[in-house]
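The values are calculated or read from the model by the stated rules, or taken from the named source; none is laboratory data. It should be emphasised that the depicted structure is a prediction, and the values quoted were computed from it without experimental measurement. Virtual Cβ from ideal backbone geometry, glycine too; neighbours counted across all protein chains shown. Keep in mind that these areas ignore ligands, DNA and RNA; they rest on the heavy atoms of the full protein, side chains included. Shrake-Rupley method; radii C 1.70, N 1.55, O 1.52, S 1.80 Å.
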Amino acid sequence: RSLWEAVRAVERIAAEKKIGGVYGMLIELFDVDEKFFTAVETAAANQLFHVVVDTDETAARMLKELQQANAGRVTFMPLNRLRPQDGPQYPDSEDVIPMVKKLKFEERFKPAFRQIFR
């Protein structure tokens with residue numbers, strides 16, 4: 001199965017079984033100025049398709065449901081388990097801008113974005 005089919009299965013299963021705390025793929029949870037699209041895609045690559053969930057318990061339940069449905073594999077990002085490290089110290093310059101500062105997202109998703117865009 002393709003990643004796309006597996007992600008769509010996550011959405012379908014969460015809706016059908018009324019499983020809360022499944023927020024969607026990382027790529028669906030932010031906005032960014034169009035001029036930064038390529039940089040975001042390059043920096044995050046396939047991690048943009050990881051599914052953000054509230055807890056590891058939700059991730060475990062969804063994994064079990066996916067296995068039972070033989071619906072493929074998905075990488076989950078449980079917000080309660082993410083512990084992003086501090087990123088590098090960037091020079092104080094207008095030429096260097098941390099990518100995460102260009103993204104617009106809900107505060108509750110900050111650990112997921114800091115995990116990917118350090």
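Points to keep in mind about this one:
- Applying a threshold of 6 Å to beta carbon distances and a minimum spacing of six or more residues, or different chains, the list of pairs starting in the range 90-102 at a residue that is touching a residue at least 12 places away in the same chain (Cβ under 8 Å) and within 17 Å of Asp33 (Cβ to Cβ) and ending at one that is surrounded by 12 or more Cβ atoms within 10 Å (Cβ to Cβ) and of a type outside the set (Gly, Ala, Ser) reads Met99/Phe117; Val100/Phe113; Val100/Phe117; Lys102/Val32; Lys102/Phe36.
- Residue check for Lys101: open to solvent by 80 Å² or more (accessible area, probe 1.4 Å), part of a helix (DSSP H, G or I), modelled with pLDDT of 90 or more and within 24 Å of Glu41 (Cβ to Cβ): no
- One residue stands out among those in the range 104-118 that are touching a residue at least 60 places away in the same chain (Cβ under 8 Å) and open to solvent by less than 100 Å² (accessible area, probe 1.4 Å): the one that is farthest from Gln47 (Cα to Cα), which is Glu106.
Here is a yes/no grid of residues against (1) modelled with pLDDT of 95 or more; (2) closer than 20 Å to Met99 by Cβ; (3) touching a Lys or Arg at 6+ places or on another chain (Cβ under 7 Å):
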{"site": "Val7", "(1), (2), (3)": "no, no, no"}
{"site": "Ala15", "(1), (2), (3)": "yes, no, no"}
{"site": "Val22", "(1), (2), (3)": "yes, no, no"}
{"site": "Met25", "(1), (2), (3)": "yes, yes, no"}
{"site": "Val32", "(1), (2), (3)": "yes, yes, yes"}
{"site": "Thr42", "(1), (2), (3)": "no, yes, no"}
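- Test result for Asp95, over 25 Å from Gly20 (Cβ atoms) and surrounded by fewer than 18 Cβ atoms within 10 Å (Cβ to Cβ): yes
- Whichever residue in the range 1-60 is hydroxyl-bearing (Ser, Thr, Tyr) and touching a residue at least 40 places away in the same chain (Cβ under 8 Å) and, among such residues, is surrounded by the most Cβ atoms within 10 Å (Cβ to Cβ): Tyr23
- When Arg108, Arg73, Arg114 are screened for being over 23 Å from Ala9 (Cα atoms) and touching a helix residue (DSSP H, G or I) at 6+ places or on another chain (Cβ under 8 Å), only Arg114 passes.
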